[in-house]
There are 2 protein chains.
Amino acid sequence: MDIENYLKEKRALIDSYLESYFNIPNEHSVLHKAMRYSLFAGGKRIRPILALSAYRACGKDPKHIIPYASAMELIHTYSLIHDDLPSMDNDDMRRGKPTSHKVFGEAIAILAGDALLTEAFSMLTNNFPSANEIKPTSLIRMIREISLSSGVHGMVGGQALDISSENSKPDRDTLAFIHFHKTAALIAVSVKMGGILADSDETTLKSLTNYGEKIGLAFQITDDILNVEGKTEELGKAAGSDAKMRKMTYPAFYGIERSRQEANNLVAEAIDALALFSSDADPLREIASYLVQRRV
Amino acid sequence: MDIENYLKEKRALIDSYLESYFNIPNEHSVLHKAMRYSLFAGGKRIRPILALSAYRACGKDPKHIIPYASAMELIHTYSLIHDDLPSMDNDDMRRGKPTSHKVFGEAIAILAGDALLTEAFSMLTNNFPSANEIKPTSLIRMIREISLSSGVHGMVGGQALDISSENSKPDRDTLAFIHFHKTAALIAVSVKMGGILADSDETTLKSLTNYGEKIGLAFQITDDILNVEGKTEELGKAAGSDAKMRKMTYPAFYGIERSRQEANNLVAEAIDALALFSSDADPLREIASYLVQRRV
């Protein structure tokens, strides 16, 4: 299959839903503008696409779950806005554009993040109860899993340790904790979403989660490598910033070659985790390889 | 009824639930510490108590909904942490203690707010599906209403306009928008929660919402008056800060006497909105009067 084309097509579905959801007549507030600014800054929509692809892997039509899948992009976008703040990673550029606080100031950037996170839960419940493809109990379980993966025991917990570990002597356990929580947790729950909404059994959910965690870690390692090897103009954000901030990263701890090897191993394990699935899971398999080969 | 005693008793129920929920063995992270610091800083738990009292007004036993009611306190606490940040209201003291960013630094304060907001949705879905008192569809509707009242079309929207209107010429419509969104929306949805979880009809929900919006506005006007008339040591936060920041407030626009009159009118209207209810709604009636008579 042509994975680039698949990603492009699925991204268009997500973009079109987000565009119509955030196209509110007579809404001229700076807050809404700031939310749109970051949401439509050229994101690849990887997390929503993973949710759609996992749902398809369970034999279902991805079109049914576009709103739920899209909600993951709101959570991801909020996390980027807050991570870029001066008190956090202090990044001026993201996706080739000035970061939210550079354009709107810190207060509105913080509030735009807060509003996007909150809106994710409005989006998750937007089509209910008319969306009769999805069971109410599945939706509740999904809301629970998403909040657990995004909060103190997930993404926010990882970011907090990332920030407080700057300038610390790197150690294997801290590094593993940061990567798993900061990045892999949200990616894994995006994949799992497809299984939960398809009402899959626990074995299937476990395979999807396992796949999601492995590609999530591989994704973060690749990000760390690109931060070392990439060029600012290609990445659209400051290359070399991790070393400057003395971040605890894979390349800093293991070196580039071993990091690359580890990312490739994780992709192989992720694909193995899908052994139970038919060719319906081919997009998931292709995405795994794609994520570590990307240049941005 | 003895309203002070009622509030004390209900507050103890909420505190005890929150204490057990956030008592996590072997959790020593600074993020978790920061979440606890603000959550257990002496809040009055007004929003959860309103939810319990509205549920009782619908003829039900408040003990069934303690986890759902408590989630409102997480959202309220997150909003205080973020509002106090240097880029927002820049407050050093809250409830007689240094604010979160003074103790933990800005990055952890922002993340503690993020984590508390996220955790609210974990708490709302924590007891499900075992909590068989509550219908799945009611829980989904509640999650939807809470997120709508807390986000860009509710609390966060109000805070954004509050921040961006500092130093502007006060006008009636902007002031009304700020108060309604920043404060009344979250208070109103806390009251409505009791009705939604009790599976009440739309007329009942409308009365509860109406009551909630009126007391929410009265609550904010009282807060504004106390900011002018109160003493820092009694309030536990900086008196006079609104005038210093040139905030758009009721006393600034209408003067103290007319503001007090408006708060009293709103309380009377709130109590009128409960005409349909039996004596089961007496706590709600008493709380309305209590909120504008308070000194802190």
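The values are calculated or read from the model by the stated rules, or taken from the named source; none is laboratory data. No experiment lies behind these values; they were computed from the predicted model shown. Here the Cβ is made from the backbone with ideal geometry for all residues, glycine too, and neighbour counts use every protein chain on show.
For the range B:182-223, the set of residues classified as farther than 18 Å from B:R45 by Cβ, more than 10 Å from the chain's Cα centre (by Cα), in a helix (DSSP H, G or I) and among the charged types (D, E, K, R) consists of B:E202, B:K206, B:E213, B:K214, listed by residue number.
Which of the residues belonging to the range A:114-138 are among the aliphatic types (A, V, I, L, M) and at pLDDT below 95?
In the first step, residues of the range A:114-138 are kept if they are among the aliphatic types (A, V, I, L, M); the result is A:115-117, A:120, A:123-124, A:131, A:134.
Listed by number, the residues that qualify are A:A131, A:I134.
Only residues that are surrounded by fewer than 15 Cβ atoms within 10 Å (Cβ to Cβ) and either touching a His at 6+ places or on another chain (Cβ under 6 Å) or at positive phi (or both) were counted across the range B:201-249, and they come to 2. Of A:G59, A:G43, all but one fail to be assigned to a loop (DSSP other than H, G, I, E, B) and surrounded by 16 or more Cβ atoms within 10 Å (Cβ to Cβ); the exception is A:G43.
When you scan the range A:159-175, do you find a residue that is facing chain B (nearest Cβ under 10 Å), among the small types (G, A, S) and over 15 Å from the mean Cα position of the chain (by Cα), even just one? Taking every residue of the range A:159-175 in turn, at least one turns out to be facing chain B (nearest Cβ under 10 Å), among the small types (G, A, S) and over 15 Å from the mean Cα position of the chain (by Cα).
Within the range B:45-62, residues that are basic (K, R) have Cβ atoms under 6 Å from residues that are assigned to a loop (DSSP other than H, G, I, E, B) in these pairs: B:K60/B:A198, counting only partners at least 6 apart in sequence or on another chain. Is the range B:227-237 home to any residue that is of a type in the set (A, V, I, L, M), modelled with pLDDT of 95 or more and within 18 Å of the chain's Cα centre (by Cα)? Checked the range B:227-237: no residue is of a type in the set (A, V, I, L, M), modelled with pLDDT of 95 or more and within 18 Å of the chain's Cα centre (by Cα). Among the residues of the range B:162-180, those that are without any contact (Cβ under 8 Å) to a residue 40 or more places away in the chain and over 21 Å from B:A263 (Cβ atoms) comprise B:S164, B:K169.
For the range A:244-281, which positions are part of a helix (DSSP H, G or I) and free of Cβ contacts under 8 Å to residues at least 12 places away in the same chain? Hits for the range A:244-281 are A:K244, A:Y254, A:E257, A:R258, A:Q261, A:N265, A:A268, A:D272, A:S279. Residue count for the range A:278-296 under the criterion of being under 17 Å from the mean Cα position of the chain (by Cα) and of a type in the set (S, T, Y): the result is 2. Of a type outside the set (F, W, Y), touching a Lys or Arg at 6+ places or on another chain (Cβ under 9 Å) and within 11 Å of chain A (Cβ to nearest Cβ): does that describe B:A120? So B:A120 fails the test. For residues that are of a type in the set (S, T, N, Q) and over 19 Å from A:G96 (Cβ atoms), scanning just the range A:1-51, find the one that is nearest to the other protein chains (Cβ to nearest Cβ). Only one residue tops the list, namely A:S29.
The residue of the range B:1-59 that is farthest from the chain's Cα centre (by Cα), among those that are closer than 28 Å to A:G157 by Cα and small (G, A, S), is B:S29.
Look at A:D84 and say whether it is within 23 Å of B:I163 (Cβ to Cβ), away from chain B (no Cβ under 11 Å), surrounded by fewer than 20 Cβ atoms within 10 Å (Cβ to Cβ) and at pLDDT 95 or above. Considered against the rule, which asks whether it is within 23 Å of B:I163 (Cβ to Cβ), away from chain B (no Cβ under 11 Å), surrounded by fewer than 20 Cβ atoms within 10 Å (Cβ to Cβ) and at pLDDT 95 or above, A:D84 comes out as no. Checking every residue in the range A:95-113 against the condition of being at pLDDT below 95, charged (D, E, K, R) and under 20 Å from the mean Cα position of the chain (by Cα) gives at least one match.
Under the condition of being more than 8 Å from chain A (Cβ to nearest Cβ) and without any contact (Cβ under 8 Å) to a residue 12 or more places away in the chain, the residues counted in the range B:123-152 number 2.
With respect to B:L197, determine if the residue is surrounded by 24 or more Cβ atoms within 10 Å (Cβ to Cβ), facing another protein chain (nearest Cβ under 7 Å), out of contact with any Cys (no Cβ under 6 Å at 6 or more places or on another chain) and not small (G, A, S). No.
Under the condition of being of a type outside the set (A, V, I, L, M) and either in a helix (DSSP H, G or I) or surrounded by 22 or more Cβ atoms within 10 Å (Cβ to Cβ) (or both), the residues counted in the range B:107-152 number 17.
What number of residues in the range A:99-115 are more than 10 Å from chain B (Cβ to nearest Cβ) and without any contact (Cβ under 8 Å) to a residue 24 or more places away in the chain? Looking only at that region, the number is 2.
Kindly indicate whether B:I215 is in contact with a helix residue (DSSP H, G or I) (Cβ under 6 Å, 6 or more places away or on another chain) and of a type in the set (A, V, I, L, M, F, W, C).
Details: in contact with a helix residue (DSSP H, G or I) (Cβ under 6 Å, 6 or more places away or on another chain): yes; of a type in the set (A, V, I, L, M, F, W, C): yes.
It is true that B:I215 is in contact with a helix residue (DSSP H, G or I) (Cβ under 6 Å, 6 or more places away or on another chain) and of a type in the set (A, V, I, L, M, F, W, C).
Only residues that are without any contact (Cβ under 8 Å) to a residue 40 or more places away in the chain and outside any loop (DSSP other than H, G, I, E, B) were counted in the range B:83-98, giving 1.
Flag set for A:V156, criterion: modelled with pLDDT of 95 or more, under 30 Å from A:G255 (Cβ atoms), at the interface with chain B (Cβ under 8 Å from one of its Cβ atoms) and not in a loop (DSSP other than H, G, I, E, B). You will find that of B:I24, B:I66, B:I75, B:I49, the residue that is β-branched (V, I, T) and either modelled with pLDDT under 95 or part of a loop (DSSP other than H, G, I, E, B) (or both) is B:I24 and no other.
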